[in-house]
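Read the structure below first, then the notes.
Each reported figure results from applying straightforward, stated rules to the coordinates on display, with no laboratory input. What you see is a predicted model; the values in this text were computed from it and never measured. Cβ: placed from backbone, ideal geometry, glycine included. Neighbour counts: every protein chain shown.
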Amino acid sequence: MSRSWERMVERNTKQLNKRRKKEGKQALSVSGARVEVFKGRSYIVPILLLLVAALFVVISGPWSNTYEYSETLFWVTVGCYLLLALVYFLRRPYLSISRDTLETRRFTGYKRLKPLEIRKIVQQPGYIVIETVKGGNWVFSKWMNRFPVEAMGERLQEYAKTHRIEWEHRTGK
């Protein structure tokens with residue numbers, strides 16, 4: 001089927017399923033494509049932020065008698081660093097693989113790649129590197145962000161085969 005036909009079928013299925021739901025009937029089919037999301041856990045940046053907050057406390061020494069600055073502002077600053085560390089810890093990095101896109105979140109926002117924008121996908125022990133045609137490579141690490149690299153590799157290999165993207169599997173040194 002052509003892509004426009006698939007979109008039309010998907011849109012009509014959504015409308016029909018909404019109508020059936022209002023009538024109390026079961027949906028005809030599940031709309032939407034299969035999307036797999038692989039989540040990691042960021043712990044390096046939160047640890048660094050905690051260390052910076054601790055460094056502020058140790059160097060400034062707000063408990064000493066010679067501390068000349070606003071104690072309230074100091075503790076608000078330290079609290080903001082701790083809050084930022086918590087936000088980075090709870091905001092999990094991910095790789096979302098759908099039928100025709102890869103999506104992740106970077107510091108500058110959500111990034112999406114289509115198959116034509118991918119030059120090669122390389123799987124190494126502990127790493128997955130997606131080499132892009134334009135821009136920087138996407139690197140997913142088992143050690144830095146606790147990604148399930150083996151499961152991601154299997155799914156990305158299937159994605160590469162489907163879209164005729166070069167796939168490389170490197171073994172240990």
**Report entry** Contour minus Cα-Cα distance for Val129 and Leu50 (0.36 nm per residue)
**Finding:** 25.5 nm
Query raised in the report: How long is the gain from Val57 to Lys114 if the chain were fully straight, where each residue apart is worth 0.36 nm and the alpha carbon distance is subtracted?
Result: 15.9 nm
**Report entry** Stokes-Einstein D for segment 1-81, Kirkwood Rh over Cα pairs, 10 °C, 1.306 mPa s (µm²/s)
**Finding:** 86
Query raised in the report: What distance in nm separates the simple spin-label points at Glu166 and Ser96, each placed 7 Å from Cα in the Cβ direction?
Result: 2.9
Query raised in the report: Once amide H atoms are built 1.01 Å from N in the peptide plane, which residues 5 or more positions from Ser42, or in another chain, come under 5 Å H to H?
Result: none
Query - Among the listed pairs Lys25/Lys111; Lys39/Lys114; Lys120/Lys142; Lys21/Lys161, those beyond 29 Å (Cα-Cα) - result: Lys25/Lys111; Lys21/Lys161
Requested in this report: Give me the distance in nm between label points sitting 7 Å out from Cα along the Cα-to-Cβ direction at Glu158 and Asn65, one decimal.
Outcome: 7.1
Report task. Taking the Cβ of each residue in Met8, Met152, Met144 as the centre, tally the other Cβ atoms inside 10 Å and list the residues starting with the fewest. Result -> Met8, Met144, Met152
**Report entry** the chain: calculated mean residue ellipticity at 222 nm from DSSP helix runs of at least 4, using -39500 (n - 2.57)
**Finding:** -14500 deg cm²/dmol
Requested in this report: Quick one: P(r) of the chain from all Cα-Cα pairs, 5 Å bins, percents rounded to integers, in order of increasing distance.
Outcome: 1, 7, 12, 13, 12, 10, 10, 9, 8, 6, 5, 3, 2, 1, 0, 0
**Report entry** In Hz, Karplus ³J(HN,Hα) per residue of segment 10-20 (6.51, -1.76, 1.60; θ = phi - 60°; x = Gly, Pro)
**Finding:** 5, 4, 5, 5, 4, 4, 5, 5, 4, 4, 5
Requested in this report: Using every Cα-Cα pair within segment 44-90, state what percent have a distance larger than 11 Å.
Outcome: 65
Query raised in the report: Where is the GNM fluctuation largest for the chain (alpha-carbon springs, 10 angstrom cutoff): Thr13, Thr132, Thr162?
Result: Thr13
Report summary line: Output ordering of 53-60, 136-143, 107-114 (per-residue mean of other Cβ within 10 Å, highest first) is 136-143, 53-60, 107-114
Query raised in the report: When the Cα centres of segment 47-63 and segment 83-128 are compared, how far apart do they sit, in Å?
Result: 31
Query raised in the report: Relative contact order of the chain: what whole-number percent is it, with Cα pairs under 8 angstrom and at least 6 residues apart?
Result: 20
Query raised in the report: Which angle between 0 and 90 degrees, to the nearest 10, do you get for helix 44-60 versus the longest principal axis of the chain when only C-alpha atoms count?
Result: 10
Report task. Could you work out, for segment 100-169, what percent of all Cα-Cα pairs fall into each 10 Å distance bin, beginning at 0 Å and stopping at the bin that holds the largest distance? Result -> 20, 58, 22
